[in-house]
C-alpha cells in the first residue's frame, strides 16, 4: 500500500512539473537580458566617458547609451564636450536626442545654443529635446522656435508647446496657425478655450480638414471641456463640412469612447455618421473649362 501511494505521489509530481514546463513564458521585454542568460554589463561613468573619445563610431554610440542609462547630472558635461569637439551630422543628432531622453535641466544651455545651429534638423531635434525637460526656462525657448525660418522647426516648436501644456502660449500658437504652421492646430486643441475652438471652426471650409481635425479631436477628448461645448463643435463641423472625411473622423472618435458613454455629443456624432453618405460626400469632378470663343482677346 505504501509503495502504491509513493508511486502515485511521484507520478503526480512528474505531471505537475511537465505541465509547468509547458506553460508559455511571458514575452521578453525588448532590450532586456535573456531570462537564463547573463545580465547586460553596467558601464561605469568613467568608462562611458572614455568611450566618447574613441575614433570608432560604434564605441561612441555605446558610450552614449551607457550615459543615458546612468542619467545623472554628471553625464551632461561629457556629452556637451563631444558636441563641441565636432562630430558627424548623424552623431550630433543622436547626442541631441539622447540629451532629451535624459531630460536634465543641465542640458538647457547647450540645447538653447543648438537652436541657432546651421542645420534645421539639429534645431528641430533641439526643440524636441527641450520639451522633455521640466524647467521654467523651456517655454520661452520653445516659443522662439515658432519664429524659425524653417517649417520643420516651427512645426516641432508648435507640437512641443502643446505637449508641455504651455497654456500661456495659446495666443502665439493662434498666430502661428494663422501663419501656416499646421501643427499649431493640435496644440490649440490641447490647450485652448472654447473661444479658441470657435475661432478654429471659422476656418472649416477655408483650411484643409486634415489640418483642423486633429485639433478638434483634442478638444473632444479633453475632460475639462463640458459636453455642451463638444456638442456644439460637432454640430458646427457637420454643418460646415458634411464630408466623408468628417464622417470617418466622427466614427473614430465614437469608437474611442467607452460603451457606457451616453452623452448628447456622442449621440449627435452617431446621428451625423448615419446622415453623411460616402457617395454624397465624395467630391465631384471639376467641370472641364469652357472653350474660349473664336477671336477672343489676344
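The values are calculated or read from the model by the stated rules, or taken from the named source; none is laboratory data. Predicted model, so just to flag it, every value in this text is computed and none were measured. FYI the Cβ positions are ideal-geometry reconstructions off the backbone, even for glycines, and counts take in every protein chain you see.
Looking at residue 281 and the list (1) surrounded by 15 or more Cβ atoms within 10 Å (Cβ to Cβ); (2) at pLDDT below 95; (3) out of contact with any helix residue (DSSP H, G or I) (no Cβ under 6 Å at 6 or more places or on another chain), which single condition is not satisfied?
Residue 281 satisfies every listed condition except (3).
Tell me, yes or no, whether the range 162-175 has at least one residue that is in contact with a helix residue (DSSP H, G or I) (Cβ under 8 Å, 6 or more places away or on another chain), on the phi > 0 side of the Ramachandran plot, surrounded by fewer than 20 Cβ atoms within 10 Å (Cβ to Cβ) and assigned to a loop (DSSP other than H, G, I, E, B).
Checked the range 162-175: at least one residue is in contact with a helix residue (DSSP H, G or I) (Cβ under 8 Å, 6 or more places away or on another chain), on the phi > 0 side of the Ramachandran plot, surrounded by fewer than 20 Cβ atoms within 10 Å (Cβ to Cβ) and assigned to a loop (DSSP other than H, G, I, E, B).
Mind checking which residues of the range 193-228 are buried (at least 17 other Cβ atoms within 10 Å of the Cβ), closer than 19 Å to residue 261 by Cα and over 21 Å from the mean Cα position of the chain (by Cα)?
Of everything in the range 193-228, just one residue is buried (at least 17 other Cβ atoms within 10 Å of the Cβ), closer than 19 Å to residue 261 by Cα and over 21 Å from the mean Cα position of the chain (by Cα), namely 225.
Quick check on my filter: what residues within the range 82-105 are closer than 24 Å to residue 54 by Cβ, more than 21 Å from the chain's Cα centre (by Cα) and assigned to a helix (DSSP H, G or I)?
Those that are closer than 24 Å to residue 54 by Cβ, more than 21 Å from the chain's Cα centre (by Cα) and assigned to a helix (DSSP H, G or I): 82, 83, 84, 85, 89, 90, 91, 92.
Matching residues to (1) at pLDDT 95 or above; (2) crowded, with 18+ Cβ neighbours inside 10 Å; (3) under 16 Å from residue 133 (Cα atoms):
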site: 53; (1), (2), (3): no, no, no
site: 66; (1), (2), (3): no, yes, no
site: 71; (1), (2), (3): no, no, yes
site: 84; (1), (2), (3): no, no, no
site: 90; (1), (2), (3): no, no, no
site: 111; (1), (2), (3): yes, yes, yes
site: 114; (1), (2), (3): yes, yes, yes
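Among (1) more than 17 Å from residue 185 (Cα to Cα); (2) in a helix (DSSP H, G or I); (3) touching a helix residue (DSSP H, G or I) at 6+ places or on another chain (Cβ under 8 Å), where does residue 134 come up short?
(2)
For the range 124-140, enumerate the residues that are crowded, with 22+ Cβ neighbours inside 10 Å and over 11 Å from residue 112 (Cβ atoms).
124, 125, 131
Consider residue 103 carefully, then state whether it is at positive phi and either out of contact with any helix residue (DSSP H, G or I) (no Cβ under 8 Å at 6 or more places or on another chain) or at pLDDT 95 or above (or both). Break it down stepwise before answering.
Numbers: at positive phi: yes; either out of contact with any helix residue (DSSP H, G or I) (no Cβ under 8 Å at 6 or more places or on another chain) or at pLDDT 95 or above (or both): yes.
Taking the combined requirement at face value, the residue satisfies it.
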